[in-house]
Amino acid sequence: MLDIEAELRAFAEKRLNAEAYQDCTHRLDAFECEQCGFVALEATVETHPGNERGDFRGILWLTCPRCHVQRVGMSITSGERTPPVSVEPLRCECGGLRFHLAQCERWENWGFFDEGTVVARCESCGALRAVLDTD
């Protein structure tokens with residue numbers, strides 16, 4: 001997993017242009033099943049009203065294909081009970097549905113969140129992709 005995590009970190013940091021923000025901290029958290037520890041998860045992106053490119057609004061659902069536990073990987077919502085705009089399973093161009101996923105966030109050293117991204121690596125073909133961005 002360390003090589004995959006290093007790939008995810010490099011991809012996420014490039015996406016966040018981390019090199020230009022040397023005075024900030026970039027934190028990476030790899031997702032795994034909280035029950036069994038399985039690391040290749042299925043993901044569903046539920047977008048909510050107000051979702052915009054680069055400024056995610058919605059819920060990232062993670063499901064473990066081994067033990068079938070579902071949990072919220074990330075939730076950024078308005079708090080209002082409105083129906084989702086869309087609910088899309090994450091699917092690779094190769095057809096793969098299982099991904100190694102990680103969240104990377106940039107924090108200014110005085111404790112201010114700047115921006116973040118969730119990235120994925122397809123378990124089947126190894127393709128890297130951005131899942132969502134936060135601001």
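The values are calculated or read from the model by the stated rules, or taken from the named source; none is laboratory data. Just so it is clear, the model here is predicted, and its values are computed rather than measured. Glycine gets a Cβ as well: all are built from the backbone with ideal geometry, and neighbour counts include every protein chain shown. With ligands, DNA and RNA removed, areas are computed over all heavy atoms of the protein, side chains included. Shrake-Rupley method; radii C 1.70, N 1.55, O 1.52, S 1.80 Å.
Using the heavy atoms of the protein chains and a 1.4 angstrom probe, tell me the accessible area per residue for the chain in square angstrom.
In whole numbers, the chain has 58 Å² accessible per residue.
Our summary of shape: the Cα atoms of segment 1-126 have principal axis extents of 40, 39, 29 Å, ordered from largest down, in whole angstrom. For segment 46-90, the fraction of alpha-carbon pairs lying more than 14 Å apart is 51 percent, rounded to a whole number. Atom-type composition of the exposed protein surface of the chain places 45 percent of the accessible area on carbon and sulfur (1.4 angstrom probe).
Split the chain at each of the GluC sites (Glu not before Pro) in a DSSP loop with at most 16 other beta carbon atoms within 10 Å, and the longest piece is 35-79.
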